1. Within region 68-161, considering only helices (runs of 4 or more DSSP H) that don't extend past its boundaries, which have at least 2 residues that are at pLDDT 85 or above?
2. For region 111-133, give me each residue that is loosely packed, with under 15 Cβ neighbours inside 10 Å and farther than 18 Å from LEU415 by Cα.
3. Quick check: is even one residue across region 302-314 among the charged types (D, E, K, R) and not in a helix (DSSP H, G or I)?
4. Pairs, please: C-beta under 7 Å, at least 6 apart or cross-chain, first residue of a type in the set (S, T, N, Q) and in region 1-26, second assigned to a helix (DSSP H, G or I) and modelled with pLDDT under 90?
5. Just to be sure before I move on: is GLY291 over 22 Å from LYS7 (Cβ atoms) and not hydrophobic (A, V, I, L, M, F, W, C) in the structure I sent?
6. What number of residues within region 370-387 are small (Gly, Ala, Ser) and not in a helix (DSSP H, G or I)?
7. So, in region 233-247, of the ones that are more than 22 Å from the chain's Cα centre (by Cα) and more than 17 Å from LEU424 (Cα to Cα), which residue ends up surrounded by the most Cβ atoms within 10 Å (Cβ to Cβ)?
8. Quick check on ALA374: is it of a type outside the set (Val, Ile, Thr), crowded, with 24+ Cβ neighbours inside 10 Å and farther than 30 Å from LEU50 by Cβ?
Amino acid sequence: MLEEFFKIKERHSSVRTEVIAGITTFLTAAYIVFVNPDILSATGMDQGALTTVTCLTAGLATLLLALWANVPLMMAPGMGLNAFFAFVLVAGQKLPWQTALGVVFLSGVFFLILTWLGLRERIVHAIPMSLRLATSIGIGLFIAFIGMKNLGLIVKNDATLVGLGPLTPPVLLGLLGLLLIAIFEIRKIRGSILLAILIIAVIGMLTGFSPVPTGLVAIPPSISPIAFKLDIMGALKLSMWANIFAFMFVDLFDSLGTMLAVCREAGLADEKGDIVELPVMLKADALATVGGALLGTSTTTTYIESASGVSDGGRTGLASVVTALLFLLAAFFTPVIVAIPAFATAPALIAVGIFMMRGVRDIDFYNFEEGLPAFLTFVMMPLSFSIAKGLAFGFLSFVLIKICLGKAKECDPFLIGAAFFSALSLIY
C-alpha cells in the first residue's frame, strides 16, 4: 500500500530509506519547536499554547504536503517572518498580536488566490534575481541581529544606538552554543542547531542559570489562549497593506526557492527541468499559512532543512509523513521545551542568519544598477528593524535607477507597481 501510494519503487527508494530521511529532516529542523515560541511569546502570546501550535502547524502542514503533493519537504512557521511578526508588527508598530495574526491570515488568502490564478510564478519572474537574493540576505541579517539582542550580546546604547553588552555567564554560554553549532556544521553532524540548543540548556540547568524542567512528558498545553483569536477586520486597514505585501513577498521567494532547489536535488524535475507537482505544493503552502494564522502562529513556509532528508535518500511524501508525525509527537514534551532558556535558543537565530547570507556572493556589487538596490534592501532591514521597509527601498531604488538611465522598459509592470506601493508605504 505504501509502495503504491507514494510511488516508492518508481522513485528508486525504499521504505527504510524514506523513514531515515524523515527522521533526519526532523532532527535538522526541530529547533523551530524551541525558537518559534520563544520569539512569538515576546508579543504577550501564551508560550505553552505557542509550543503546541508550533508542533501542530509543522506536523499538519508537512502532512498536507506529503499526502497531497507526495514530496519529501517539510513546512513550519518561517524564521524571519516570525521575527517580523513579533518585533516589527507588534513591538515596533504597536499592533495587538491578534491584528498581526489577521495580517498573516490575509497574506495567506491573497497568496492562495494568486496561486490559483497562476500569478505567483509571474510575480517571481518580475523581480530581478539581485533583489530576490538581497531579500534572503536582509532577513538573515535581521534575524541574526535579533538573536544577538535576545542573547544580550548587543544592547541599547544612547551614544551609538547599539553597543556590546556585558559578557555575563548566560551570554558566554550563548556564544559557546554558537561555537558548538559551527563545529557541528564543520563536522557535518546532523541536527547541529538542535544538539547545540540542548547541550547549552543542560549546562545552564546544571550551573543554575536556567530552570530545570518540571517533567519530561505531559499533555500538550491548550491552544485556546491564541487559537482563532485573529482580528481580520483590524488587518484590513489601508495602513496594513504594506505588511500584508511584505509577508506575501517574503513567503513567495522563501517557499518557491526552497521547493525548486530541494525537488531538483531529489530528482523530481521532468526533462525540461520543471517540477510537475509545483502548483499543488504552492497551494498547500498558502493553505498552511491560512491554517497557521487561525491556530495562532506566523506565516508557515517550506524549510530548506528538507534538503538534509533528501541528501539521506528521501524521494517521496513518506519521508515527510515521518517528519510530520515526529513534530506532532514533540508537542507532548512541552515541559522540556518551555524550560529551554533564551541564551540557548539565541545562537540558533544567529546561525540561521549565517545560512541565509550565502547568496551574497552572487550579487554583482561592481554593477550599481544591481548592487545599490540589493545593498539598500538588505542593509535597511536590520537598520530600520523592518523587512517591509527594506523591500520598499530595494524596489523603489531599482526602478528609479532604471528610469533615470532610460531603461524603464527593463522593469516588469509588476515591479513598477511594487515600487509605486513601496513609495506610498514610506510616505504614509
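The values are calculated or read from the model by the stated rules, or taken from the named source; none is laboratory data. Predicted, not measured: the structure shown is a model, and the values here were computed from it. Positions of Cβ are generated from backbone atoms using ideal geometry, with glycine treated the same way; all protein chains shown enter the neighbour counts.
1. Those helices (runs of 4 or more DSSP H) span 97-116, 129-151.
2. ILE113, TRP116, LEU117
3. There is at least one residue in region 302-314 that is among the charged types (D, E, K, R) and not in a helix (DSSP H, G or I).
4. Hits for this filter: THR24/SER308; THR24/GLY309; THR25/SER306; THR25/SER308; THR25/GLY309.
5. Judged against the criteria, GLY291 is a match.
6. So in region 370-387, the residues small (Gly, Ala, Ser) come out as 371, 374, 384, 386.
From the residues that got through so far, the ones that are not in a helix (DSSP H, G or I) too are 386.
The total comes to 1.
7. GLY234
8. Numbers: of a type outside the set (Val, Ile, Thr): yes; crowded, with 24+ Cβ neighbours inside 10 Å: yes; farther than 30 Å from LEU50 by Cβ: yes.
For ALA374, the condition - of a type outside the set (Val, Ile, Thr), crowded, with 24+ Cβ neighbours inside 10 Å and farther than 30 Å from LEU50 by Cβ - is met.
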